[in-house]
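Note sheet for the following structure.
Taken together, the values in this text are just the output of simple stated rules run on the coordinates, not laboratory data. Quantities reported herein were computed from a predicted structural model and do not represent experimental measurements. Virtual Cβ from ideal backbone geometry, glycine too; neighbours counted across all protein chains shown.
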Amino acid sequence: MTRKKSVIKKISFYIFISLISFFILLPFFWMVSTSFKETKALMKVPIQWIPERVSFDAYEKLFSVFPFGRAIFNSFFVAAMTTFIAVFSASMAAYVFSKIEFKGRNVLFFFFLATMMIPGQVTMIPNYLVLRNLGLLNTYVGVMLPSFFNAFGTFLLRQNMLTIPKSFSEAAIIDGASHFKIFSKIILPLSRPAIATLSIITFMGGWNSYLWPLIVLTDKNKMTLPIGLSLLNGQYSGEYNLLMAGSLISIIPILIVYIFAQKYFMEGLNVGGLKG
C-alpha cells in the first residue's frame, strides 16, 4: 500500500510539473509561431498555433525598417564589455574582502553592501548629471560606467572565495607569490562556477537594460536592442509577427549563453551561499 501511494505521488508530481511547464512554454511557442505567420493570418479565429504557410516576411522587414543588425551589435558590445569589467572589478574586490586581513574590513564591506539598498532610480539623476559634466552622454561608456562596480557581484564572489582554504594562499605566500599571482593563478580558477554565475547575471542585465540606455543614448545608430524593440512597438504595434520576430531574436543570445554555462551557473549559486 505504501509503495502504491509512493507511485501515485510520483505520477501526480510529474503531471503537475508537466502542466506548469506547458503553461510556461505556451507563450514562447505562440511567439515563435506568430513570428513565422503572414500578416493576414495574425487575426484569424481560432488561433493558428501552427502557421498554414511559413513566412519569413517579418524577419526581412525587421532588418529593412530599422537598423536592427546594428542594435544587436550595440547590445552585445555593451553587455559583453559591462560583463567583463564588472566581473573583473567584483572579483578583485571580493579577493580583498575575503583573503586580505586589514582593520575595519568587515565594517567597510557592510557599508559596501549597504549600497544595494539604494534603488537605482534614486541615483539615476545624479549619474546623469555626472555623465553630462564629463561629456559622456550619448556614448557607450556613459551607458556602461554605472554598472562597472557591482556590490551584489562582490558579495557573491566573496562568499565563494571564503570557501577556498587559506592554506592555498599561505603556501603560495611562503613560495614568494604576490597577491596578484595568488589572485590570478589560484583564487580565480577555483572560483570559476561563481564567476560564470555572475557573468550570466551581468550579461543578462546588460542585454535587457532599457531605461538607462534610453536616457543616455540619443543617436539611433547607437541604440541598443530593447530600445529598438520599444520603437518597433510604437510604430508597428499592430504587426505582431514583426514584434515577435524581434523579441525572438533578442532572447536567442541569452539562451545560448545560459545553455553553455548552465553547469557552472547552478554550481555557482549553490556554492555562493555556503559560508558567510
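Placing R0 at 25 angstrom, the Cβ-Cβ distance between His179 and Leu113 gives a FRET efficiency of 0.65 after rounding to 0.05. With R₀ set to 30 Å, the beta-carbon distance separating Ser89 from Glu170 gives a calculated FRET efficiency near 0.70.
Give, as a single signed number, the net charge of other residues whose beta carbon lies under 14 Å from the beta carbon of Arg70, with Lys and Arg counted +1 and Asp and Glu -1. Let's see the in-between values first.
Numbers: positive: Lys220, Lys222; negative: Asp219.
Counting the neighbours of Arg70, the net charge comes to +1.
The length gained by stretching the chain between Ile24 and Tyr128 to full extension, at 0.36 nm per residue less their Cα-Cα distance, is 33.7 nm. Label separation (Ile11 vs Phe152): 4.2 nm, computed from points 7 Å beyond Cα along the C-beta direction.
Counting only C-alpha contacts under 8 Å and six or more residues apart, can you give the relative contact order of the range 58-272 as a whole percent?
Numbers: 213 pairs, mean separation 78.4, N = 215.
The value is 36 percent.
The range 132-192 and the range 202-267 have Cα centres separated by 27 Å.
Between the Cα long axis of helix 225-235 and the first principal axis of the chain there is an angle of about 30°, rounded to the nearest 10. Backbone phi angles across the range 86-97, fed through the Karplus curve with coefficients 6.51, -1.76 and 1.60 (θ = phi - 60°), yield HN-Hα couplings of 5, 5, 5, 5, 5, 5, 5, 5, 5, 5, 4, 6 Hz in residue order; Gly and Pro are listed as x. Over the chain, all Cα pairs binned in 10 Å intervals from 0 give whole-percent P(r) values of 6, 21, 24, 23, 16, 8, 2, 0, listed from short to long. Working note: 222 nm ellipticity from helices only, DSSP H runs with n ≥ 4, each -39,500 (n - 2.57), summed and divided by the residues of the chain, gives -23500 deg cm²/dmol to the nearest 500.
Too long at a 22 Å Cα-Cα cut-off: which of Lys99/Lys181; Lys40/Lys222; Lys37/Lys61; Lys37/Lys222? Don't skip to the answer; put the middle values down first.
Values: Lys99/Lys181 13 Å; Lys40/Lys222 33 Å; Lys37/Lys61 13 Å; Lys37/Lys222 30 Å.
Where the Cα-Cα span goes over 22 Å, the pairs concerned are Lys40/Lys222; Lys37/Lys222.
Remark: the range 126-276 is approximated by an ellipsoid whose semi-axes, taken from the C-alpha gyration tensor as √(5λ), come to 39, 21, 11 Å, largest first. Electrostatic tally near Gln235: other residues with Cβ closer than 14 Å to its Cβ, Lys and Arg +1, Asp and Glu -1, net +1. Stretching the chain fully between Leu137 and Val65 yields a gain of 23.3 nm (0.36 nm per residue, less the alpha carbon separation).
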